[in-house]
Amino acid sequence: MYIEKAKTIVIKIGSSNIVDKRGKLKEKWLNSLAKDLKNLANKKNIVIVSSGAIALGLSYLKINKKKIKLEMSQAIASIGQIHLAEEFQKIFEKNNFRVGQILISPDDTEQRKRALNVRGTFDNLFKLKAIPIVNENDTTATSEIKYGDNDRLAARVAQIIGADTLIILSDVNGLYDKSKNIVKTVNRLDEKIYSLVENSKNSYGSGGILTKLDAAKICMNSGCHMFLANGSKE
Ligand code: GLU
């Protein structure tokens with residue numbers, strides 16, 4: 001119901017959704033996402049926030065993730081981001097979509113003037129009927145001024161552009177309670193909810209359940225609904 005009513009939807013894709021265990025882009029999966037969006041995109045503004053730059057860069061360079069420092073991962077992201085953007089363009093154009101790339105640093109969302117600029121660019125991309133494909137500007141941010149995970153970045157983007165809905169696709173089915181049942185709805189982010197965080201991380205992404213709850217907090221403060229779903233299936 002929330003998705004049907006929404007005017008602007010932000011979809012966040014985790015590295016594990018879009019890059020397989022060997023570090024290759026999951027073309028079939030991305031193609032099925034583009035197909036799923038066909039019906040929605042006529043009626044709504046769609047934004048995609050996609051991770052995967054570092055994962056694709058690592059596999060292209062045949063480097064093992066465990067050994068790299070931040071400076072090196074920035075260079076690796078700069079190589080991987082081109083591949084990521086290229087794949088989006090190729091697969092989305094095949095499905096009759098236009099795409100534009102937006103790389104964002106925390107300054108762009110946290111400073112009002114820059115945030116307004118960001119919003120302006122999104123608005124104009126919507127006018128051009130293009131889907132903005134967003135990632136963090138990994139190449140310039142240091143650890144102190146980095147989001148580091150795209151969950152909070154996606155939530156800030158949703159807030160700035162006044163999106164009604166954020167869908168976070170991940171490799172988890174949702175938020176689990178202590179008896180391993182999915183918590184279907186969260187209306188308040190209190191200590192009880194935060195106590196469910198084990199902060200399990202996947203192999204490529206830097207987020208976990210904690211950053212997803214932080215994203216939910218940003219959404220709640222701006223009247224945006226957030227869904228957490230397993231994106232692994234086509
Ligand atoms: N921006 C990073 C990338 O594209 C990923 C951040 C995250 O793990 O969410 O590789």
- line: Considering segment 85-108, residues that are surrounded by 15 or more Cβ atoms within 10 Å (Cβ to Cβ) and of a type in the set (Asp, Glu), and then whichever is nearest to Leu40 (Cα to Cα), we arrive at Glu87
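To keep it simple, each residue is scored yes or no on (1) open to solvent by 60 Å² or more (accessible area, probe 1.4 Å); (2) touching an Asp or Glu at 6+ places or on another chain (Cβ under 7 Å); (3) over 29 Å from Ala75 (Cα atoms).
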| residue | (1), (2), (3) |
| --- | --- |
| Thr121 | yes, no, no |
| Ile160 | no, no, no |
| Asp171 | yes, no, no |
| Asn187 | yes, no, yes |
message: I'm told Gln101 meets every condition in (1) part of a helix (DSSP H, G or I); (2) modelled with pLDDT of 95 or more; (3) closer than 25 Å to Ser143 by Cα except one. Can you identify the failing condition by its number?
response: (1)
task: Output the qualifying pairs, or none if there are none: Cβ atoms under 9 angstrom, residues six or more apart or on different chains, first residue in segment 161-190 and closer than 26 Å to Ile102 by Cα and in contact (Cβ under 8 Å) with a residue 12 or more places away in the chain, second residue of a type in the set (A, V, I, L, M) and surrounded by fewer than 10 Cβ atoms within 10 Å (Cβ to Cβ).
output: none
query: Can you tell me which residue in segment 52-76 is farthest from Ile91 (Cα to Cα), limited to those that are among the small types (Gly, Ala, Ser) and within 12 Å of the ligand (Cβ to nearest atom)?
result: Ser73
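Residue under question is Ser232, and the condition is that it be at pLDDT below 90 and within 15 Å of the chain's Cα centre (by Cα); does it hold?
yes
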- line: How many residues of segment 52-79 are touching a Phe, Trp or Tyr at 6+ places or on another chain (Cβ under 9 Å) and crowded, with 20+ Cβ neighbours inside 10 Å? The answer is 5
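Results for (1) away from the ligand (no atom under 16 Å from the Cβ); (2) at pLDDT below 90; (3) part of a loop (DSSP other than H, G, I, E, B), shown as yes or no for each residue.
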| site | (1), (2), (3) |
| --- | --- |
| Arg114 | yes, no, no |
| Asp123 | yes, no, no |
| Arg152 | no, no, no |
| Gly162 | yes, no, yes |
| Leu166 | no, no, no |
| Leu189 | yes, no, yes |
| Glu198 | yes, yes, yes |
query: Does segment 91-101 contain any residue that is touching a residue at least 60 places away in the same chain (Cβ under 8 Å) and more than 20 Å from the chain's Cα centre (by Cα)?
result: yes
- prompt: Is it the case that some residue within segment 29-51 is open to solvent by 80 Å² or more (accessible area, probe 1.4 Å), more than 18 Å from the chain's Cα centre (by Cα) and within 13 Å of the ligand (Cβ to nearest atom)?
  reply: no
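The values are calculated or read from the model by the stated rules, or taken from the named source; none is laboratory data. This structure is a prediction, so every number in the text was calculated from the model and none was measured. Backbone-built Cβ (ideal geometry, glycine too); neighbour counts: all protein chains shown. To get the accessible areas, we keep the full protein, side chains included, count just its heavy atoms, and leave off ligands, DNA and RNA. Shrake-Rupley method; radii C 1.70, N 1.55, O 1.52, S 1.80 Å.
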